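Q: Please see the structure below; I have some questions.
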Amino acid sequence: MILNSRSKRNLDTCIPDALVVCEDTIKEIGFTVFKGHKGMEEQNDNFLKKLSGLEYPKGRHNPFPSLALDFYPSPFNGNWEDDAAFENVARIFIAKAAARGIVVAWGGDWKKPKDTDHLEFISKNGIPYEKHYLKIDP
């Protein structure tokens with residue numbers, strides 16, 4: 001399998017390691033990246049709708065390039081409550097990232113708010129990504 005055009009467009013807004021790990025992961029399991037960077041309006045709208053627990057600029061989607069991405073399994077049956085389908089992708093993604101010295105957190109491991117379509121990049125070789133990517137879009 002290869003990444004589809006929608007995934008590639010959204011990954012253009014993420015850190016380069018996101019594309020690398022996605023390319024590794026897609027070789028084993030299908031998925032689509034439907035969101036990378038989120039600006040102020042989108043982040044705050046998600047916060048008000050309780051789709052995010054963080055206001056702008058505190059979310060990992062908010063720096064540019066983004067330190068997070070949202071995905072759905074492919075093929076997707078439209079069931080956002082199918083935690084197992086999201087977990088299958090997330091576990092492979094996390095393993096592929098770890099093989100490159102990258103720590104990734106999956107929102108499905110969170111107690112509240114649980115966010116099974118969310119993956120965020122924490123560190124690479126022990127260095128937090130924030131040390132390299134601190135720019136927030138205006």
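The values are calculated or read from the model by the stated rules, or taken from the named source; none is laboratory data. Just so you know, these numbers come straight off a predicted model, no measurement behind them. Here Cβ is always computed from backbone atoms with ideal geometry, including for glycine, and neighbour counts include all displayed protein chains.
Q: Return yes or no: is A97 under 20 Å from P128 (Cβ atoms), touching a helix residue (DSSP H, G or I) at 6+ places or on another chain (Cβ under 6 Å) and surrounded by 14 or more Cβ atoms within 10 Å (Cβ to Cβ)? Outline the logic, then answer.
A: Numbers: under 20 Å from P128 (Cβ atoms): yes; touching a helix residue (DSSP H, G or I) at 6+ places or on another chain (Cβ under 6 Å): yes; surrounded by 14 or more Cβ atoms within 10 Å (Cβ to Cβ): yes.
Spelling it out, A97 is indeed under 20 Å from P128 (Cβ atoms), touching a helix residue (DSSP H, G or I) at 6+ places or on another chain (Cβ under 6 Å) and surrounded by 14 or more Cβ atoms within 10 Å (Cβ to Cβ).
Q: From the list Y56, Y72, which one is surrounded by 14 or more Cβ atoms within 10 Å (Cβ to Cβ) and in a strand (DSSP E or B)?
A: After ruling out the rest, the residue left standing is Y72.
Q: Okay, moving on. Residues of the stretch 68-94 being more than 11 Å from I29 (Cβ to Cβ), small (G, A, S) and more than 13 Å from the chain's Cα centre (by Cα), which ones?
A: Those that are more than 11 Å from I29 (Cβ to Cβ), small (G, A, S) and more than 13 Å from the chain's Cα centre (by Cα): G78, A84.
Q: Take the stretch 8-20 and flag every residue that is over 11 Å from the mean Cα position of the chain (by Cα) and either buried (at least 22 other Cβ atoms within 10 Å of the Cβ) or among the hydrophobic types (A, V, I, L, M, F, W, C) (or both).
A: Of everything in the stretch 8-20, just one residue is over 11 Å from the mean Cα position of the chain (by Cα) and either buried (at least 22 other Cβ atoms within 10 Å of the Cβ) or among the hydrophobic types (A, V, I, L, M, F, W, C) (or both), namely V20.
Q: Also, quick follow-up: Counting just the residues of the stretch 33-49 that are more than 11 Å from the chain's Cα centre (by Cα) and more than 17 Å from P63 (Cβ to Cβ), which one comes out modelled with the lowest pLDDT?
A: So the residue we want is K49.
Q: Determine if the stretch 27-42 includes at least one residue that is farther than 19 Å from K111 by Cα, β-branched (V, I, T), in contact (Cβ under 8 Å) with a residue 60 or more places away in the chain and part of a helix (DSSP H, G or I). Full working, then the answer.
A: Taking the stretch 27-42 as the starting set, the residues that turn out to be farther than 19 Å from K111 by Cα are 27-42.
The next check asks that each one be β-branched (V, I, T); those that pass are 29, 32-33.
Then drop every residue that is not in contact (Cβ under 8 Å) with a residue 60 or more places away in the chain, which leaves 29.
Now drop any that are not part of a helix (DSSP H, G or I), which leaves none.
Looking through the stretch 27-42, none of the residues is farther than 19 Å from K111 by Cα, β-branched (V, I, T), in contact (Cβ under 8 Å) with a residue 60 or more places away in the chain and part of a helix (DSSP H, G or I).
Q: Take S123 and decide whether it is surrounded by 13 or more Cβ atoms within 10 Å (Cβ to Cβ) and part of a loop (DSSP other than H, G, I, E, B).
A: no
Q: If you check S66 against the conditions, is it touching a residue at least 24 places away in the same chain (Cβ under 8 Å) and within 23 Å of D12 (Cβ to Cβ)?
A: yes
Q: Follow-up question, since we're still on this one. Of all residues in the stretch 40-88, count the ones that are under 20 Å from I122 (Cα atoms) and of a type in the set (G, A, S).
A: 5
Q: How many residues does the stretch 94-119 hold that are free of Cβ contacts under 8 Å to residues at least 60 places away in the same chain, out of contact with any His (no Cβ under 6 Å at 6 or more places or on another chain) and not in a loop (DSSP other than H, G, I, E, B)?
A: 10
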